[in-house]
Amino acid sequence: MLSTAHLAAIAGRRETPLMRSVVAGLADPRARDMAPSHRMAQFVAQIAHESARFRYAAEAWGPTRAQRRYEGRRDLGNLQAGDGYRFRGRGPIQITGRANYARFTAWAEGPDFEAVPDAVMGDPWLGLSAVWFWQAGAGRSLNAYADKGDIEMITRRINGGLNGYADRLALYTRAGLVLLGQGPNDVRAFQRLAGLTVDGLAGPATRGALHSHLLKL
């Protein structure tokens, strides 16, 4: 079972309230298909990056130029005045827009998040919002990509591009090592275990071996 200690080791920082929320969400029965270690490593790496290593549970509002463009965006369901701010990003993978809050409400069968958007900030909903995004909010379940170890496509589905890709790769390596019972920086030890060239560099071969070992857990 994933713990806040695991998340702290992966993120390289002390435990935060958001880490506790993520663990609470993953303990929910609706997150049971996230349990396999190879899926968990991919999931944790992405939400750690998206939340600045579990620092931010909601979108910091300026508003920036990009945030101003939330207003009136039909693709987000923001059709009423003030929807841009009201349905700003919340959660480890920030769900954004009235339409997504409505979809999360239907999936979670909990509070009406469209009526009360801040209800997302309570547990287990805060952690479950990322689970919902992973399972349904990205257009299809990201588990299909996690099962193949396809970090690039997971990133594209979440981000729309490859912003922060190097950091996501680094966090995946840390997550994989921690879930295999090693330290987050024990690349050389894992390479020796996997019969790889021991150079301490977590490239494609090392990440591929991590995926293979996680599949066996």
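The values are calculated or read from the model by the stated rules, or taken from the named source; none is laboratory data. Not measured: the values here are computed from a predicted model. Note that we place each Cβ from the backbone using ideal geometry, even for glycine, and neighbour counts take in every protein chain shown. These accessible areas exclude ligands, DNA and RNA; they are computed on the full protein's heavy atoms, side chains included. Shrake-Rupley method; radii C 1.70, N 1.55, O 1.52, S 1.80 Å.
Go through (1) free of Cβ contacts under 8 Å to residues at least 40 places away in the same chain; (2) open to solvent by 10 Å² or more (accessible area, probe 1.4 Å); (3) small (Gly, Ala, Ser) one by one and return the number of the condition Gly164 breaks.
(1)
Would you pick out the residues in segment 24-58 that are of a type in the set (A, V, I, L, M, F, W, C) and open to solvent by 30 Å² or more (accessible area, probe 1.4 Å)?
Passing the criteria: Ala24, Ala27, Ala35, Ala52, Ala58.
Restricting attention to segment 87-140, which residues are among the acidic types (Asp, Glu) and either more than 12 Å from Arg30 (Cα to Cα) or in contact (Cβ under 8 Å) with a residue 24 or more places away in the chain (or both)? Spell out the reasoning first.
From segment 87-140, those among the acidic types (Asp, Glu) are 109, 112, 114, 118, 123; that's our starting set.
Listed by number, the residues that qualify are Asp112, Glu114, Asp118, Asp123.
Evaluate segment 197-205: report whether one residue or more is within 15 Å of the chain's Cα centre (by Cα) and of a type in the set (Asp, Glu).
For segment 197-205, residues within 15 Å of the chain's Cα centre (by Cα) and of a type in the set (Asp, Glu): absent.
Among the residues of segment 65-94, which ones are in a loop (DSSP other than H, G, I, E, B), among the basic types (Lys, Arg) and surrounded by 19 or more Cβ atoms within 10 Å (Cβ to Cβ)?
Passing the criteria: only Arg88.
Looking at segment 106-132, which of its residues are part of a helix (DSSP H, G or I) and open to solvent by less than 30 Å² (accessible area, probe 1.4 Å)?
In the first step, residues of segment 106-132 are kept if they are part of a helix (DSSP H, G or I); the result is 106-108, 117-121, 125-132.
Within segment 106-132, Ala108, Pro117, Ala119, Val120, Leu126, Gly127, Leu128, Ser129, Ala130, Val131, Trp132 meet the criteria.
Of everything in segment 146-162 that's in a helix (DSSP H, G or I) and hydrophobic (A, V, I, L, M, F, W, C), which residue is modelled with the lowest pLDDT? Spell out how you get there, then give the answer.
First pass over segment 146-162, keeping only residues in a helix (DSSP H, G or I): 146, 151-159.
Applying the additional criterion that residues be hydrophobic (A, V, I, L, M, F, W, C) yields 146, 151, 153-154, 158.
Numbers: Ala146: 98, Ile151: 98, Met153: 96, Ile154: 97, Ile158: 93.
This residue is Ile158.
Scanning for something closer than 24 Å to Val22 by Cα, among the charged types (D, E, K, R) and either in contact (Cβ under 8 Å) with a residue 12 or more places away in the chain or open to solvent by less than 30 Å² (accessible area, probe 1.4 Å) (or both), does segment 178-196 turn up at least one residue?
Within segment 178-196 (the criterion being closer than 24 Å to Val22 by Cα, among the charged types (D, E, K, R) and either in contact (Cβ under 8 Å) with a residue 12 or more places away in the chain or open to solvent by less than 30 Å² (accessible area, probe 1.4 Å) (or both)), the answer is no, since none of the residues qualifies.
If you check Ala175 against the conditions, is it in contact (Cβ under 8 Å) with a residue 24 or more places away in the chain and crowded, with 21+ Cβ neighbours inside 10 Å?
On the way: in contact (Cβ under 8 Å) with a residue 24 or more places away in the chain: yes; crowded, with 21+ Cβ neighbours inside 10 Å: yes.
When the stated conditions are applied, Ala175 passes them.
Any chance segment 39-52 includes a residue that's over 30 Å from Arg174 (Cβ atoms), among the hydrophobic types (A, V, I, L, M, F, W, C) and out of contact with any strand residue (DSSP E or B) (no Cβ under 7 Å at 6 or more places or on another chain)?
No - not one qualifying residue is present in segment 39-52.
Conditions: (1) in contact with a helix residue (DSSP H, G or I) (Cβ under 9 Å, 6 or more places away or on another chain); (2) surrounded by fewer than 21 Cβ atoms within 10 Å (Cβ to Cβ); (3) not aromatic (Phe, Trp, Tyr). Asn100 meets all but one. Number of the miss?
Answer for Asn100: the failing condition is (2).
Select from segment 1-44 the residues that are closer than 27 Å to Gly110 by Cα and touching a Lys or Arg at 6+ places or on another chain (Cβ under 8 Å) and write down the one among them that is modelled with the lowest pLDDT.
Only one residue fits best here, namely Asp33.
For Ala24, state whether it is assigned to a loop (DSSP other than H, G, I, E, B) and either in contact with a Cys (Cβ under 6 Å, 6 or more places away or on another chain) or hydrophobic (A, V, I, L, M, F, W, C) (or both).
No.
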